[in-house]
Amino acid sequence: MPMTSDSSSTNTPHPQQAIRRFDVFAEYNRLKGLQKGLDEPHAKGYGLWVAKVVASGGGRRSGAASGHEVKEETSDRGEQRESRAEQEWHELSGEPQTDRLFDREIIQRMGKEFYTTVFAPAIAQAVEQGRSYESIRDTIRKHWKPAR
């Protein structure tokens, strides 16, 4: 399926709402989380968390603006570890960023059928091709318009 699949076709599902850069970034980082060894639920939470941190401007200050890097942290014992590869929920304002929240804020918003048949496969194809988020964020969603 082409990454810029035209949702105006009668056979292709339409998103329920406009697809945002935020949606693309969350999915892109869900896939990056899977590549880093996260299980599916935690990869969803990670993707949503990264998208929210960057959208709030917090990622620029913390050095995670691209959302692609694994940030090294020093533990209490002085050991280096990859903080992003852990199976834990990241929190924002005391709310865990979970797979269920990803499902509600990303998948349900655009519609499950659109997500599974158009959106997720197109983002996965871009990641498999080694494309950066910046190179796809606008072009990939250009033709994805809600049905009228």
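The values are calculated or read from the model by the stated rules, or taken from the named source; none is laboratory data. Computed from a predicted structure; not experimentally measured. Cβ: placed from backbone, ideal geometry, glycine included. Neighbour counts: every protein chain shown.
Points to keep in mind about this one:
- The set of residues in the stretch 135-148 being part of a helix (DSSP H, G or I) and in contact (Cβ under 8 Å) with a residue 60 or more places away in the chain consists of I136 alone.
- Pairing each residue of the stretch 36-58 that is over 17 Å from V24 (Cα atoms) with any residue that is in a helix (DSSP H, G or I) and of a type in the set (A, V, I, L, M), provided the two are 6+ apart or on different chains, yields C-beta distances under 6 Å for K36/A85; G37/A85.
- Test: residue in the stretch 108-126 that is closer than 15 Å to A26 by Cβ, polar (S, T, N, Q), surrounded by 14 or more Cβ atoms within 10 Å (Cβ to Cβ) and under 14 Å from the mean Cα position of the chain (by Cα): no
- Subset tally (residues that are out of contact with any Lys or Arg (no Cβ under 7 Å at 6 or more places or on another chain) and surrounded by fewer than 20 Cβ atoms within 10 Å (Cβ to Cβ)) for the stretch 128-144: 11
- For A147, the requirement of being surrounded by 18 or more Cβ atoms within 10 Å (Cβ to Cβ), among the small types (G, A, S) and over 18 Å from W49 (Cβ atoms) is not met.
- Residues that are modelled with pLDDT of 85 or more number at least 2 in the following helices (runs of 4 or more DSSP H) confined to the stretch 29-127: 40-55, 99-102.
- Scanning the stretch 10-23 for residues that are farther than 13 Å from R109 by Cα and part of a helix (DSSP H, G or I) yields one hit, R21.
- Meets criteria (closer than 19 Å to W144 by Cβ and at pLDDT below 95) for P13: yes
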